[in-house]
Amino acid sequence: MERFHPADDRLIALYFGDEGAGADERRAVRQHLHGCESCTWRFTELTAPLERLRQDAASEADEVFTPARLDAQRARILDRLDQGSHGSRLIPFPASRARLDRSVVRRPITRWVAAAAAAGLLLGVMAGRVLEFGTGRTVAPTPVVREARDTLIAPRLVSNSLMTAAGAEYDEAMISEIEQAVQSQRIAALSALDQMTPHVRQEAVVARVMR
Amino acid sequence: MLNATADALLPDVPVETVAVSLPDLPRPDEDSRIAAEVKAYIRDGNLAAARDRFGALVGRQQRRASRIAYHFLRDAADADEAVQDSFVKVFSHIESFREDLPFEVWFTRILINGCLDRQKARRRRARWIVPAPDREQGERAWVESVPARGPSPEESLLLRERRTQIASAVGKLPERQRTVFLLCHYDGCSSREVSAITGLNESTVRVHLFRAVRKLRSLLGGSL
């Protein structure tokens with residue numbers, strides 16, 4: 001029997017079948033365990049949860065990797081061997097390999113350039129905003145912008161205001177707008193085509209008479 | 001090279017030289033003999049025979065490999081891919097296998113390197129990508145909602161919680177401790193075999209193992 005009780009590490013080492021310790025030492029620990037009840041109890045207390053853990057881990061993995069799944073795995077491995085799969089690789093298309101390699105090498109530099117350009121643009125926009133906000137000044141529209149605004153936005157504003165007016169006024173205004181539009185030069189050029197085309201209104205009248 | 005992806009756990013020690021310094025390793029077994037046959041067939045250009053024999057080798061090793069990969073990665077699909085990649089890698093590098101050494105050690109080394117690479121890639125992804133809901137978990141939840149003859153829902157829930165706790169505790173171990181613990185405890189490798197697989201000194205393996213057990217006991221409290 002050992003003079004001193006073996007430490008926890010020694011007991012755990014015994015459980016793991018520690019080959020590092022000498023054969024004599026292992027034999028001595030085993031003999032001590034046979035003779036010392038408290039150490040036997042300690043050994044059980046230390047190793048029983050480990051053993052449960054091991055068995056549980058094995059059963060958990062076996063639940064996931066069922067025989068069917070292992071068969072499928074084996075089939076996939078053999079398929080990959082048949083295809084000569086050696087992992088993914090880049091196919092240089094349409095450029096030659098040399099060009100592809102060069103572009104790969106240059107990639108980080110171009111990425112930096114793009115990032116720097118984007119950052120510069122962002123800074124410029126922000127600086128402009130800050131300056132504009134600070135001075136409280138607004139940019140006067142150029143003559144071209146002013147003209148476009150008058151021709152494009154103003155009629156829409158008129159129409160919108162008409163929508164809020166009384167119904168009769170609105171109808172009249174709309175009809176006059178249509179007449180003006182029909183009489184305009186560009187629309188008049190298309191009037192021949194319009195006459196040749198059957199109108200929904202006429203077709204509806206014909207259909208009613210036929211009935 | 002096979003060990004091109006080896007990380008800090010497996011330092012720049014070529015696969016072939018690790019086992020040379022460990023003459024007491026178990027003698028080559030049946031798996032090593034089959035691997036030697038595959039190698040010979042490939043050398044002779046008989047790829048069909050090599051493929052057949054390699055299929056037998058896969059059948060002998062895949063359950064163990066899947067367990068190891070699953071405990072490392074904690075994800076069935078990831079583990080499945082890691083095992084596949086390892087076998088494909090073994091086949092394509094079979095020329096560098098030494099017939100006088102155990103195939104299992106060589107293969108496990110390749111598998112663990114693959115698992116560690118995947119873990120790193122996963123950590124990188126986790127930094128940038130928001131994870132989507134786990135489809136497999138959803139399927140599993142549906143399957144588990146169907147009445148079965150197995151354990152009761154409460155028992156299943158407790159078991160699942162316990163497994164999650166253990167997996168989380170094992171996941172908190174430092175990389176070397178975790179590798180040593182998984183190989184020694186779950187796979188039943190001796191410290192000498194783990195030393196050959198990881199390239200670590202045998203006494204270092206034992207130190208990592210004890211530290212891992214101690215840390216797990218403190219993390220899991222009464223459960224361990």
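Here are the numbers for the structure shown:
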{"item": "Anchor B:Lys215: lysines whose Cα lies under 17 Å away (excluding residues fewer than 8 positions away in-chain)", "result": "B:Lys172"}
{"item": "Share of alpha-carbon pairs per 5 Å distance bin for the stretch B:169-210, given as whole %", "result": "6, 30, 39, 18, 6, 0"}
{"item": "Modelled FRET efficiency - R0 30 Å, A:Arg111 with B:Ser96, Cβ distances, 0.05 increments", "result": "0.20"}
{"item": "Whole-angstrom gap from the stretch B:194-224 to the stretch B:149-184, using each part's C-alpha centre", "result": "16"}
{"item": "Exposure proxy ranking, count of Cβ atoms within 10 Å, fewest first, for B:Ser218, B:Ser156", "result": "B:Ser218, B:Ser156"}
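Where a number appears in this text, it was derived from the coordinates with a stated rule and is not lab data. Computed from a prediction, not measured in an experiment: that's the story for all the values here. Cβ: placed from backbone, ideal geometry, glycine included. Neighbour counts: every protein chain shown.
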